[in-house]
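The values are calculated or read from the model by the stated rules, or taken from the named source; none is laboratory data. None of these values were measured; they are calculated from a predicted model. For neighbour counting, all protein chains shown are included, and Cβ atoms are generated from backbone atoms with ideal geometry for every residue, glycine included.
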Amino acid sequence: MNAEQKLEKALDDYCFAHEELMRPEEDVVLLSACYSVKRAIRGFLEGYLDSVHAGFLPGDNLETLMQKCIMKNPDFLRFNVDVLQCKCDSAACSAKSYCMTMDQVKSCMDLMSELCEFILGLRVRHT
């Protein structure tokens with residue numbers, strides 16, 4: 001996938017997570033929302049890194065991807081990845097690592113929204 005495709009997929013995951021969280025709280029599937037948020041964050045970070053021709057490995061975790069983004073653009077320092085209680089998003093540990101409360105998922109959703117706005121804003125300024 002190229003940068004554009006990764007960003008489009010991240011937007012799809014963003015929309016899915018947002019729609020899941022708009023449901024009545026008793027109907028929300030937290031596991032599904034959490035995974036969608038993490039996939040979207042990964043997609044935004046990888047899409048950005050691809051767009052600036054920065055290397056990363058498919059197995060890089062979210063913290064590593066964020067560090068690589070910071071090296072390319074120090075403005076990424078403003079994002080607090082510490083809100084990601086379940087930073088593990090690899091296939092090996094994702095089944096054991098997800099948010100257990102609505103507040104945790106909403107914190108990650110806020111981070112995802114901020115990253116989306118920032119990264120898509122960068123793309124608009126550079127085109």
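Side notes on the structure shown:
- Test: residue in the range 11-19 that is charged (D, E, K, R), closer than 23 Å to G59 by Cβ and over 10 Å from the mean Cα position of the chain (by Cα): yes
- Taking (1) farther than 16 Å from L115 by Cβ; (2) modelled with pLDDT under 90; (3) of a type outside the set (A, V, I, L, M) in turn, E19 satisfies each apart from (2).
- Residue list for the range 19-34, filter: in contact (Cβ under 8 Å) with a residue 60 or more places away in the chain and among the hydrophobic types (A, V, I, L, M, F, W, C): L21, V28, L30, L31, A33, C34
- Criterion: in contact with a Ser or Thr (Cβ under 6 Å, 6 or more places away or on another chain) and either modelled with pLDDT of 90 or more or more than 17 Å from D13 (Cβ to Cβ) (or both) - qualifying residue of V52, V83: V83
- Residue check, K38 at pLDDT below 90, surrounded by 15 or more Cβ atoms within 10 Å (Cβ to Cβ) and in a helix (DSSP H, G or I): yes
- The range 46-72, residues that are of a type outside the set (V, I, T), surrounded by fewer than 20 Cβ atoms within 10 Å (Cβ to Cβ) and within 13 Å of E4 (Cα to Cα): D50, S51, H53
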